[in-house]
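What follows is a short report on a single structure.
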Amino acid sequence: TQEGDPKRYWHKGAWKAFEVFEDEIAVKGGPPERVTLRYAEGRPIVSQDAARNRAVAFSTVSMLPGANSRFAMIAINLSKDWASLRQAFKLHVSPTNFHYADIDGNTGWQTIGFVPKRPKHDGLFPAPGDGDFDWTGILPVEDMPHVYNPPEGWFASANQMNIPADYPYRERIISFGWSEPFRYDRCAEVLRAQPKHSVADSVALQHDVQSLPARALLKLLPATPSAEAAEAAALLRRWDCGIEADSAAALLYEMVLPALSTAVHDRVVPTAARDLVPSVNLSEMLRLLAAPDKRLGDDPVAARDALVNGALAAGWKKAVEVGGADPAAWKWGDLHRVTITHPLAANPAIAAAFPRIEGGRSGGDGTTPMARGFNARRGFNVSHGASYLFVADVGAWDNSRFLLLPGQSGDPRSPRYRDFYPKWIAGEMQPLWFSKAAVDGHAVSRMVVTPA
């Protein structure tokens, strides 16, 4: 900002005045608060230090002119084919993997969302606001990763890093953050093995709990584990790596893996960096343990075996603590439950209006195609997953199946507010009637909304 005049900023060779807006925020039980909002080139000022002549502006695609995904959804719903759909994608603001199929047998995948063009930086760190580092537009949909009628006959996305190898990534930076590859890799494994794929196959794949990290861990089990680790190693060796709700080995695995991650983190991350690097990437950790190197010390193989052995012993101790002394009674689903509470349930009135839904036991975890993630630091309840599941039979739309957690109504007073909760837990997908005849034939009630 200009020295002596904090209301002005330097941009493209000239001093300019901030756009200033006064607003009033009503406060219950108190006087209203007056706030001053400042903008530079349409970007909100999130902090200002007049003593240092510095202001920080925040650029976000969500505040660009026309950045309203409601328009995009209308355009997408009106699309008739791949070409018109890609025109509609130009309006879609948020990043999304979009899958397409039509009744003629065409399939496509397109990454969509507003991606700023940054010729001089990558967006990972703040950049000078003098105009030299300004965005120069939005990446066209045609220049974003996509595929149409892939030769393999299938494609999949599970939030993994899916940028094609030949994509000019340095010139078209899209993202730096993706999920681990395990869910996609398992989907790919299943699809590659199926010459034909049915609706039932899709339902099964959405509820698949085969764990690729568990397979990797089993390959690391020491040949001669210590006495403290022997029972854990034996139980895991008998396991098929399915994170089933009734599996004792799955419960043990979910105790061993965090212990191993902590041990590897403490081994490879310098003490001074641990506040900055609080955890290790799972796929990178498994790669390191499969091919140990000097990061584990002068004898990396022995160090690896010691880490795994220690995690087995610690995991067994934790499993006894949370599951009881009898391993035959351990069941992952007894810990891994699906509890739904309103985010504002600390307010008694809201808690009473939106009763807690609980009791459901779940298999899976955050790395299985049936995504049922949890945060081990906070417990074992399911904290994230696919609340909406959908399998489309393209062209024969009445054969499509779906689930919506916890139910078909958003009104807790409705009997359909939680009617799908047990079905979602059990993986019992329901018909999604599409044709008028099917809808009319299965309707149980009708509501007519008439303007006053």
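Bear in mind these aren't lab numbers, they're just calculated from the coordinates by the rules spelled out. The structure presented is a predicted model; accordingly, all values stated were derived computationally and were not measured. Methodologically, a virtual Cβ is constructed for each residue, glycine included, from the backbone with ideal geometry; neighbour enumeration extends over all protein chains shown.
Here the dipole of the chain is about 560 debye; that uses its Cα centre as origin and unit charges on the Cβ of Lys and Arg (positive) and Asp and Glu (negative).
Averaging over all projection directions, the Cα-based convex hull of the chain occupies 31.1 nm² in the image plane.
In terms of packing, defined here as the mean over residues of other Cβ atoms within 10 angstrom, the peptides 165-172, 241-248 line up highest first as 241-248, 165-172. Taking the centroid of alpha carbons for each part, segment 164-181 and segment 223-299 are 28 Å apart.
Each residue of segment 82-98 is assigned a 3J(HN,Hα), and the resulting list reads 4, 5, 5, 5, 5, 5, 5, 4, 4, 9, 7, 7, 7, x, 8, 8, 10 Hz, derived from the Karplus form 6.51 cos²θ - 1.76 cosθ + 1.60 (θ = phi - 60°), x at Gly and Pro.
Can you figure out the FRET efficiency of residue 124 with residue 227, using R₀ = 56 Å and their beta-carbon distance, to the nearest 0.05? Rounded to the nearest 0.05, the efficiency is 0.70.
So if we plug the beta-carbon distance of residue 51 and residue 26 into 1/(1 + (r/R0)^6) with R0 = 41 Å, what FRET efficiency do we get, rounded to 0.05? Once the sixth-power term is evaluated, E becomes 0.80.
Which stretch or stretches of segment 291-310 have amide N atoms under 12 Å from the point lying 7 Å from residue 219's Cα along the Cα→Cβ direction? Only 291-292 pass the distance filter. Taking amide H positions as modeled 1.01 Å from N, with prolines and chain starts lacking one, the residues under 5 Å from residue 138 and 5 or more places away or on another chain are 117. Could you give the distance between the Cα centres of segment 16-57 and segment 97-141, to the whole Å? Using only Cα atoms to place each centre, the spacing works out to 29 Å.
Of all lysines in the structure, those lying under 29 Å Cα to Cα from residue 436, and not within fewer than 8 positions of it along the same chain, are 80, 423.
Segment residue 321..residue 341, full-extension length gain: 4.5 nm, with 0.36 nm per residue of separation and the alpha-carbon distance subtracted.
With the highest mean first, a sort of the peptides 69-76, 119-126 on other beta-carbon atoms found within 10 angstrom per residue produces 69-76, 119-126.
With contacts taken as Cα pairs under 8 Å and at least 6 residues apart, the chain reaches a relative contact order of 10 percent. In order along segment 226-239, the phi-based Karplus estimate (6.51 cos²θ - 1.76 cosθ + 1.60, θ = phi - 60°) of 3J(HN,Hα) comes to 5, 4, 6, 9, 4, 5, 5, 4, 5, 5, 5, 5, 8, 8 Hz; Gly and Pro are listed as x. Each of residue 273 and residue 17 was given a label point 7 Å from its Cα along the Cα-to-Cβ line. The distance between the two points is 5.0 nm. Put simply, when 442-452, 280-290 are sorted by average Cβ atoms within 10 angstrom per residue, most first, you get 280-290, 442-452. Cross-link partners for residue 318 among the lysines, with Cα-Cα distance under 18 Å and sequence neighbours closer than 8 places in the same chain left out: 331. Efficiency by 1/(1 + (r/R0)^6): what FRET value for residue 353 and residue 448, r their Cβ-Cβ distance, R0 = 22 Å, to the nearest 0.05? E(calc), rounded to 0.05, equals 0.25.
Residues whose amide H falls under 5 Å from that of residue 208, counting only those 5 or more places apart or on a different chain, are 370, with hydrogens built in the peptide plane. Only one residue of 119, 239, 37 has its Cα farthest out toward the positive end of the dipole of the chain, where Lys and Arg carry +1 and Asp and Glu -1 on Cβ, and that residue is 37.
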